[in-house]
Amino acid sequence: MTRTTWQRLKADRYGMSGLLIVLFFTVVALSVWIGLLGQGWSEVSGNSWESISATHWFGTNLLGQDILQRTLFGAATAFEIGLIVTGFSILLGTVLGALAGWYSHSWLDEIILWLKGVLDSIPFYLFAAAVAFALQGNRWAMHLAMIITFWTTTARIVRGEVMRIKQREFIEAARAIGLPGITVVFRHVLPNTVHILLVQATIVFVVAIKTEVILSFLGLGIRDGVSWGLMLAESSQEVVAGQFGNFTAASVSLFIMLMGFNLFTDALQDALDTRRIMP
Amino acid sequence: MHINCPPSNPPLLKVQELSLSFPNQEHAVDRVSFELAAGKTLGLVGASGAGKSSIARTILRLAEPYAGKILFNGKSIFSMNREQLKEARQRIQIVFQEPSASLSPRRTVAQTLLEPLRHFAIGDANYRQDKIRQTLQTVGLNHDALQRYPNQFSSGQQQRIAIARALVTNPELLIADEAVSALDVSVQAQILQLIQSLQKDHGIAFLFISHDLAVIRQIADEVAVMYRGQLLEHSPADMFFSRPAHPYSKALLAFARFESSARLRTDQLPASQGPGEHSSACIYAGLCVDRMPVCERLEPEYHKIQHTEEPHCVKCHLYDEVHADDKLADDN
Amino acid sequence: MSAVALNVKDLSVWFETQSGRLQIVDNISFSIKAGEATGLVGESGCGKTMTAFAILGLSPASGGTVESAGIEIGGTDISTLSAVQRRRILGRDIAMVFQQPGTALDPVFTIGQQISAVHRRHAGGGRNNTRQAMLDALEQVGFGQPGKIAAAYPHELSGGMRQLAMIAMATVCKPAVLIADEPSTALDSGTQALVLQQIKRLQADHGTAILLISHDLSVIRQSCENVMVMYCGRLLEKADCQGLFSLARHPYSAGLISCIPQISALKPSGINAIPGQVPTPSALPPGCHFAPRCDRAVTRCAQSVPGFGAGSDRGSDRDVACFRPL
């Protein structure tokens, strides 16, 4: 299965360019994490608002920090936020959604739905502020706030899908040989939701990175680092002064990264969809 | 209530006084009893919602009855321990109506066929590979099907794969729940041929559920008719198709033969109704053309018709000597 | 002899794919006279439904190509009409009934509103006029209390009633041609008979020409005078219904008839089936598409395509596309 999936993915030109972009940012993020790139993000290495030069490829900001360094570091930050928030919220949403869907209309389902309803009704930015306050400025506060609130959409989608799939005969056939419910869910039900989860993961990834921009702007975002969100927040003053270095670097990087992810997951979704292979 | 039919010897499957209820009464089952001997085919016929599929699901323990017993090889499936139940499940398999829905779209044919073998821990890896290849051959498919996905096959081939999945564990009883109803006639004929040969070559017993009497005619040894959760007639197939006893059976047959003289009102064929409220009347009294006063008062017993060694029971007052006399009196 | 209501000439539908052309409907021609019902029978995927869509000029969803030498309704060629002109004809001169009565009706409008909308669109006239036509149409298809049905929403009706309402909607403008695509397949046998009966009544009362598409030969036998057998996009046999059932000339038609399970007094000793399976449109055999499955096939069958009248002229009452008809 993996081989045919890869072959079909390879045939998709847009998907492959998406994959290249994703790989590029992955390499950047890894290099930042192991200390090869972007380490001088906070260092004042030049004058205020220097223009593009051999030493400062993207110029410098108001404080004289190198924008390239900050952009590279920001890629790692975006990656970190996107991956952590997407991974955990999709996982949480899938597990809770699958439980609620498989045991629909039971007490378990009721509890999960109630929890989801409560979380959905709290204004998000208020919630993020509350979490940040409660955790006393812990650097994972923003991630946590997003995970706690973002899983609900996934859970709703998965629940509906599981309820639909569990009525199909192949599920009955699996139960008829006495497979335990949990095996049926993981082997027969959830694989049929993969295409939906992929789309959902893309959406969450994009939303997480965008939310970070807003939260950073509000001062609830990341600490001990720089992000494209913080750069955009900085640029709001610079743009007025006619300086577009921060603004361009952050928004173009954001755009390219998100587009890469979109292209890649679109292609992956097609490649994984066994229902599309024609005889 | 007791059926006076002599037991077929030895019964592979024995359903006793089985009752199931559902919130809206649709698909419910009301005190149904029948037996199925090894290697025989029982055709279970009735309109949709009559409770046929509910019985199938209960035999597989996908639904729990509120009363009654199901004995498989003499043992009640509701009092079996884990091991016994696993053993029984290996011997009872099912094929569903909709071929495209009965196979997981994201699993290859090989994965689908191996699953029961792995679950029941039958044989080693080599045996399993041989077994699935051999089974594919039995149902008329090639080995190259193994690595493909269900959507790469036509619906007839998908149904063959579903049958193969049911066959890999060497079952003694195969439940076919409208297994040919969704297929084109020519494909239907091929699948019926396959079922017939399976029965001949492997001695598998079939509980063949269908709303289509013509299909039942092709392969059933015995016919049981259900109406709104109750079993109204159970007889040898030749007897059923030449001399049906119950008025409902007669109506069904006339309809299936497109006899215009027997044109029924549309409300006469129940689309989807469960058992009525537990009144004391015969459940079919409302639509019966041979209704007698007693039918409104008293629920009929099962009567054995004395012309055959094989079971022929009918739940109708017409075959009760006392009330049959009433009927004659009425007519006069 | 009554006039020809629907005349289809050399109709083809195909899809271009990376792996080549998929021929779904292959050069078929037929005509139906006013007041006649013709059945189009074939197995799933043989191109029956695509034929209906092509006649209506509704382009297939995935961008196939339709080509014909003319599709005439009452002598007017509709294959060359623009989209706007065509919309004026659909529902007025030619109408269609689909298999799924549940999905063909809009759940947020009452039956009456939906039928009236069709009438208003095509016939115009005042409010009272439209309402009367709507009630008449409902009564025509056998509803005793049309007012009650008109006020109902689709979900309040059973499947059979919905299908009858669909037929009322299709016939409110008294079209010359009605195409019914598996109108009774999704219904249980009792309702099935009723729906077919109503379609037959329309045919008798209004002289509507009916094209009844079904995979079920017994449905066609019950309600049609003529029958056409389709296989892999081609018409193999055109005959009158009685003739086909008493003697099918094409081996495929004969095979198809022998596959229909019969209720006989004795249990049949064996089951008849056509060996092999229907080829996919991407892998159609050359020559006669049925040749690989046919027990009468000779070398020639796999080399050239038999047209109508290719075989002996025995029994000229019908068209058979076979070199060696039965």
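Residues of region C:96-108 include none that is under 30 Å from C:Gln277 (Cβ atoms), among the acidic types (Asp, Glu) and either in a loop (DSSP other than H, G, I, E, B) or touching a Cys at 6+ places or on another chain (Cβ under 6 Å) (or both). If you filter region C:154-188 down to residues that are modelled with pLDDT under 85 and among the acidic types (Asp, Glu), you find that the one that is surrounded by the fewest Cβ atoms within 10 Å (Cβ to Cβ) is C:Glu156.
Residues that are surrounded by fewer than 24 Cβ atoms within 10 Å (Cβ to Cβ) and over 24 Å from B:Arg148 (Cα atoms) do not occur anywhere in region B:160-169.
Can you find, within region C:233-262, the residue that is farthest from C:Phe15 (Cα to Cα) among those that are hydroxyl-bearing (Ser, Thr, Tyr) and surrounded by fewer than 24 Cβ atoms within 10 Å (Cβ to Cβ)? Looking at residues that are hydroxyl-bearing (Ser, Thr, Tyr) and surrounded by fewer than 24 Cβ atoms within 10 Å (Cβ to Cβ), I get C:Ser246.
Exactly one residue out of C:Ala209, C:Ala204 is surrounded by fewer than 22 Cβ atoms within 10 Å (Cβ to Cβ), touching a residue at least 12 places away in the same chain (Cβ under 8 Å) and farther than 13 Å from C:Gly142 by Cβ: that is C:Ala204. Screening the candidates B:Ile209, B:Ile216 for the property of being within 12 Å of chain C (Cβ to nearest Cβ), surrounded by 24 or more Cβ atoms within 10 Å (Cβ to Cβ), closer than 20 Å to B:Ser48 by Cα and touching a residue at least 12 places away in the same chain (Cβ under 8 Å) yields one hit, B:Ile216.
If you scan region C:35-94, which residues turn out to be of a type in the set (Gly, Ala, Ser) and in a strand (DSSP E or B)?
First, pick out the residues of region C:35-94 that are of a type in the set (Gly, Ala, Ser): C:35, C:37, C:39, C:42, C:44-45, C:47, C:52, C:54, C:57, C:59, C:61-64, C:68-70, C:74-75, C:79, C:82-83, C:91.
C:Ala37, C:Gly39, C:Gly70, listed by residue number.
Taking region A:245-270 as the range and being of a type in the set (Gly, Ala, Ser) and surrounded by fewer than 21 Cβ atoms within 10 Å (Cβ to Cβ) as the test, the residues that pass are A:Ser251, A:Ser253, A:Gly260. Evaluation of C:Thr103 against the conditions (1) β-branched (Val, Ile, Thr); (2) surrounded by fewer than 18 Cβ atoms within 10 Å (Cβ to Cβ); (3) at pLDDT 85 or above shows that the sole unmet condition is (3).
Among the residues here, B:Ala88 qualifies as of a type in the set (A, V, I, L, M, F, W, C) and within 13 Å of chain A (Cβ to nearest Cβ). Set side by side, the residues C:Ala297, C:Ala239, C:Ala273, C:Ala283 differ, and just one is touching a strand residue (DSSP E or B) at 6+ places or on another chain (Cβ under 9 Å) and either more than 28 Å from C:Ile32 (Cα to Cα) or not basic (Lys, Arg) (or both), which is C:Ala239.
Only one of C:Gly63, C:Gly70, C:Gly75, C:Gly20 is under 18 Å from C:Leu90 (Cα atoms), surrounded by fewer than 14 Cβ atoms within 10 Å (Cβ to Cβ) and over 13 Å from the mean Cα position of the chain (by Cα). Can you tell me which? Spell out how you get there, then give the answer.
Numbers: C:Gly63 fails: under 18 Å from C:Leu90 (Cα atoms); C:Gly70 fails: surrounded by fewer than 14 Cβ atoms within 10 Å (Cβ to Cβ); C:Gly20 fails: under 18 Å from C:Leu90 (Cα atoms).
Exactly one residue qualifies, and that residue is C:Gly75.
The set of residues from region B:63-79 being more than 11 Å from every other protein chain (Cβ to nearest Cβ) and not in a strand (DSSP E or B) comprises B:Glu64, B:Pro65, B:Tyr66, B:Asn73, B:Gly74, B:Ile77, B:Phe78, B:Ser79.
Give, as residue ranges, the helices (runs of 4 or more DSSP H) completely inside region B:93-211 that count at least 1 residues that are modelled with pLDDT of 90 or more, within 29 Å of A:Pro191 (Cα to Cα) and aromatic (Phe, Trp, Tyr). Show your work before the answer.
Working: elements: B:109-119, B:125-138, B:155-167, B:185-202.
Helices (runs of 4 or more DSSP H) meeting the threshold: B:125-138.
Kindly indicate whether A:Val189 is modelled with pLDDT of 90 or more and at negative phi. Don't jump to the end; show me each part of the working.
Details: modelled with pLDDT of 90 or more: yes; at negative phi: yes.
Considered against the rule, which asks whether it is modelled with pLDDT of 90 or more and at negative phi, A:Val189 comes out as yes.
Of the listed requirements (1) surrounded by 16 or more Cβ atoms within 10 Å (Cβ to Cβ); (2) over 19 Å from C:Val320 (Cβ atoms); (3) not aliphatic (A, V, I, L, M), C:Cys46 misses just one: (2).
Please pick out the residue among A:Ala155, A:Ala201, A:Ala176 that is among the aliphatic types (A, V, I, L, M) and either without any contact (Cβ under 8 Å) to a residue 60 or more places away in the chain or within 13 Å of another protein chain (Cβ to nearest Cβ) (or both). Going through A:Ala155, A:Ala201, A:Ala176 in turn, just one is among the aliphatic types (A, V, I, L, M) and either without any contact (Cβ under 8 Å) to a residue 60 or more places away in the chain or within 13 Å of another protein chain (Cβ to nearest Cβ) (or both): A:Ala176.
Scanning region A:185-201 for residues that are surrounded by fewer than 20 Cβ atoms within 10 Å (Cβ to Cβ), touching a helix residue (DSSP H, G or I) at 6+ places or on another chain (Cβ under 7 Å) and closer than 30 Å to B:Asn170 by Cα yields a count of 0. Taken over region B:23-62, the criterion of being away from every other protein chain (no Cβ under 14 Å), over 21 Å from B:His312 (Cα atoms) and hydrophobic (A, V, I, L, M, F, W, C) is satisfied by B:Ala28 alone. Among all positions in region B:125-132, there is at least one residue which is away from chain C (no Cβ under 14 Å), surrounded by fewer than 17 Cβ atoms within 10 Å (Cβ to Cβ) and aromatic (Phe, Trp, Tyr).
Restricting B:Thr138, B:Thr112, B:Thr58 to residues that are of a type in the set (Val, Ile, Thr), in contact with a Lys or Arg (Cβ under 6 Å, 6 or more places away or on another chain) and buried (at least 17 other Cβ atoms within 10 Å of the Cβ) narrows the list to B:Thr112. For region A:116-149, a residue qualifies if it is without any contact (Cβ under 8 Å) to a residue 24 or more places away in the chain, more than 27 Å from A:Ala100 (Cα to Cα) and either among the small types (Gly, Ala, Ser) or not in a loop (DSSP other than H, G, I, E, B) (or both), and the qualifying residues are A:Leu126, A:Ala130, A:Phe133, A:Ala134.
If I go through region B:154-187 residue by residue, how many of them are hydrophobic (A, V, I, L, M, F, W, C) and facing chain C (nearest Cβ under 10 Å)? Please lay out each step first, then the result.
First pass over region B:154-187, keeping only residues hydrophobic (A, V, I, L, M, F, W, C): B:161-164, B:166-168, B:173-176, B:179-180, B:182-183, B:185, B:187.
Still in the list and also facing chain C (nearest Cβ under 10 Å): B:180, B:182-183, B:185, B:187.
Count: 5.
To keep it simple, each residue is scored yes or no on (1) over 30 Å from B:Ala47 (Cβ atoms); (2) more than 14 Å from chain B (Cβ to nearest Cβ); (3) touching an Asp or Glu at 6+ places or on another chain (Cβ under 6 Å).
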residue	(1), (2), (3)
C:Leu105	no, yes, no
C:Gln132	yes, yes, no
C:Pro146	no, yes, yes
C:His155	no, yes, no
C:Met169	no, yes, no
C:Ala176	yes, yes, yes
C:Gln192	no, no, no
C:Ile199	no, yes, no
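Inspect region B:220-229 for any residue being touching a Lys or Arg at 6+ places or on another chain (Cβ under 7 Å), of a type outside the set (Gly, Ala, Ser), under 30 Å from B:Phe120 (Cβ atoms) and within 10 Å of chain C (Cβ to nearest Cβ) and give the result as yes or no. Yes.
The values are calculated or read from the model by the stated rules, or taken from the named source; none is laboratory data. Treat the numbers as computed from the prediction; the structure is a model and nothing was measured. All Cβ positions, even for glycine, are placed from backbone atoms using ideal geometry, and neighbour counts span all protein chains on display.
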